[in-house]
1. Quickly run through segment 86-138 and pick out the residues that are of a type outside the set (A, V, I, L, M) and in a strand (DSSP E or B).
2. So which of 83, 74 ends up being in a helix (DSSP H, G or I), on the phi < 0 side of the Ramachandran plot and in contact with a strand residue (DSSP E or B) (Cβ under 9 Å, 6 or more places away or on another chain)?
3. With (1) under 22 Å from the mean Cα position of the chain (by Cα); (2) in contact (Cβ under 8 Å) with a residue 12 or more places away in the chain as the list, and residue 58 as the residue in question, which single condition is left unmet?
4. Identify the residue in segment 59-109 that is of a type in the set (Gly, Ala, Ser) and surrounded by fewer than 18 Cβ atoms within 10 Å (Cβ to Cβ) and, among all such residues, is nearest to residue 284 (Cα to Cα).
5. Where residues in segment 183-215 are of a type in the set (D, E, K, R) and part of a strand (DSSP E or B), which of them is nearest to ligand 1 (Cβ to nearest atom)?
6. Do you know which residues across segment 269-283 are farther than 14 Å from residue 16 by Cα and surrounded by fewer than 24 Cβ atoms within 10 Å (Cβ to Cβ)?
7. With respect to residue 180, is the statement that it is more than 15 Å from residue 95 (Cβ to Cβ), part of a helix (DSSP H, G or I) and aromatic (Phe, Trp, Tyr) true?
8. Which condition does residue 141 not pass, out of (1) closer than 30 Å to residue 219 by Cα; (2) crowded, with 16+ Cβ neighbours inside 10 Å, if it passes all the others?
Amino acid sequence: MTAPTPPTAELHLHIEGTIEAELLVRLADRHGLPLPSRDPAVLRERYEHFTDLQSFLDVHYANLAVLRTEEDFHELATGYLDHARRTGIRRAEVFFDPQTHVNHGVPIEAVIRGLSSAFEAAEETHGVSAAMILCFLRDLGPEAAEELLRAALPFREHFIGVGLDSTEVGYPPSLFTEVYAMAAAEGLHRVAHAGEEGGPDYVVEALDLLHVERVDHGIRALEDPALVARLREERIPLTVCPLSNVFLRAVDAIADHPLPLMLDEGLVVTVNSDDPAYFGGYVDANYTALGLDRDRLALLARNSFDACFVPEADRARWRAEVDAWV
Ligand code: HPA
Ligand code: ZN
């Protein structure tokens with residue numbers, strides 16, 4: 001019998017959201033920093049009570065003050081890769097949020113070098129192909145995003161694209177048109193969170209103005225039939241995060257999650273974990289929670305490889321692994 005979940009790519013994962021409570025405590029001890037508790041179980045208990053995206057982000061950003069050095073970032077990335085290897089991930093395209101760390105006084109170079117040294121060796125160390133996507137925190141605004149991109153360009157070879165995350169409502173994609181054009185001119189891939197809490201109009205803006213190649217979350221696209229038809233026809237991948245949507249109350253319960261409906265609509269849906277240390281598990285837990293049959297799980301996994309920013313030969317090799325899994 002093969003594994004209960006298929007070999008997959010993970011295309012919507014915030015590396016900062018993989019900071020397990022045990023690592024949080026270890027890093028806080030290392031740097032002599034305060035935490036609401038030194039007990040990982042008590043820290044984790046707080047994660048059960050999120051009411052929306054912002055209530056999560058407040059806890060999340062406060063926790064990230066423990067990440068101080070290049071070594072800390074390397075350890076964070078290595079911890080994720082250990083999980084990735086165990087959960088059947090062949091390819092990970094991983095978000096990172098430098099603005100959070102730079103605002104805590106950490107040099108951008110320490111962030112990028114710490115993470116990239118782990119990810120660029122991941123094929124040899126963990127059998128996982130990994131790459132990084134630089135994310136702009138939308139609530140810091142477009143000028144800060146442009147400043148970040150300029151600061152990151154000396155390290156251009158260490159990331160493959162740009163993304164847009166953090167507080168969604170009130171910060172529409174249109175604000176970021178120019179910085180996405182700058183990124184495109186540098187040959188960077190483009191993705192953006194849209195339609196998690198924001199409406200389908202946010203997804204339309206991300207497509208029309210930011211020219212994104214994938215939409216992160218995108219579940220509210222379902223409210224607009226013309227948009228659904230467009231996403232299907234243009235085969236725009238949606239990186240859906242089922243457990244995240246339940247923890248942040250975008251959907252009431254996993255049984256109500258619209259992912260099966262999105263598959264029925266013929267959308268290129270993928271399954272991802274978003275911030276697994278906070279939302280009840282890694283990508284395998286997200287696949288399992290959906291309660292789908294193996295054929296549908298295999299379709300989701302094939303979609304994930306089709307949506308990767310890699311040469312077709314890699315996609316074909318991984319799709320064949322999915323065929324063998326079914
Ligand atoms: N949405 C927006 N920003 C985020 C998320 C998310 O799900 N996770 C980490 N930052
Ligand atoms: Zn996300």
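Just so you know, all these numbers are worked out from the coordinates, no wet-lab data involved. The structure displayed is predicted, hence computed values, not measured ones. Neighbour counts are summed over all protein chains in view; Cβ atoms, including those assigned to glycine, are modelled from backbone coordinates with ideal geometry.
1. Matches in segment 86-138: 90, 91, 93, 95, 96, 129, 135, 136.
2. Result: 83 is the single residue among 83, 74 that is in a helix (DSSP H, G or I), on the phi < 0 side of the Ramachandran plot and in contact with a strand residue (DSSP E or B) (Cβ under 9 Å, 6 or more places away or on another chain).
3. (2)
4. We begin by selecting, within segment 59-109, every residue of a type in the set (Gly, Ala, Ser); these are 62, 65, 77, 79, 84, 88, 92, 105.
Okay, now just the ones that are also surrounded by fewer than 18 Cβ atoms within 10 Å (Cβ to Cβ), so 62, 105.
Values: 62: 27, 105: 35 Å.
Filtering first and then ranking leaves 62.
5. Checked segment 183-215; the qualifying residue nearest to ligand 1 (Cβ to nearest atom) is 214.
6. Matches in segment 269-283: 280, 281.
7. yes
8. (2)
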